[in-house]
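FYI, it's all coordinate maths here, none of it is from the lab. Nothing here was measured: the structure is a model prediction, and the numbers come from that model. With ideal geometry, Cβ positions are generated from the backbone for all residues, glycine too; neighbour counts draw on all protein chains shown.
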């Protein structure tokens, strides 16, 4: 899985929703979009990238995406198989 590509995709989602006037609504909508449209291995990979900044350059991750992943981590993490 290309984590840098996932970060780019997440940033594009974040760019779309950041225009909402309510910041909390934007964060919730980003999380909802990722949860509904990203397959479990994609969600797992971006959360692992957030945790392990030593192997993936997460500095390119936008602030709103980082905040979303941290705040909604539990609901974004796929169930163990």
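With the chain treated as a Gaussian network of Cα nodes joined by springs under 10 Å, which of 50, 69, 20 yields the largest mean-square fluctuation? Greatest mean-square fluctuation among the candidates belongs to 20.
Result for the chain in a Gaussian network model with C-alpha springs under 10 Å: among 62, 19, 32, the largest mean-square fluctuation is at 19.
With a ≥ b ≥ c the root eigenvalues of the C-alpha gyration tensor of the chain, is it rounded (a/c under 1.5), prolate (a/b larger than b/c) or oblate?
It is oblate, given that a/c is not under 1.5 and a/b is not larger than b/c.
Please determine, in degrees from 0 to 90 and to the nearest 10, the orientation of helix 23-37 with respect to the longest principal axis defined by the Cα atoms of the chain, where the helix direction is its Cα long axis. The angle comes out near 50 degrees. Fewest neighbouring Cβ atoms within 10 Å first, the residues 68, 18 line up as 18, 68. Comparing 22, 63, 51 in a Gaussian network model of the chain, where Cα atoms under 10 Å apart are tied by springs, the biggest mean-square fluctuation is seen for 22. Modelled label positions at residue 71 and residue 4, each set 7 Å beyond Cα in the direction of Cβ, lie 2.9 nm from each other. Stretching residue 25 away from residue 60 to a fully extended chain increases their span by 10.3 nm, per 0.36 nm per residue minus the current alpha-carbon distance. Counting neighbouring Cβ atoms within 10 Å and putting the fewest first, the residues 70, 13 line up as 70, 13. Taking 0.36 nm per residue of sequence separation and removing the Cα-Cα distance, the residue 16/residue 36 pair yields an extension gain of 5.6 nm.
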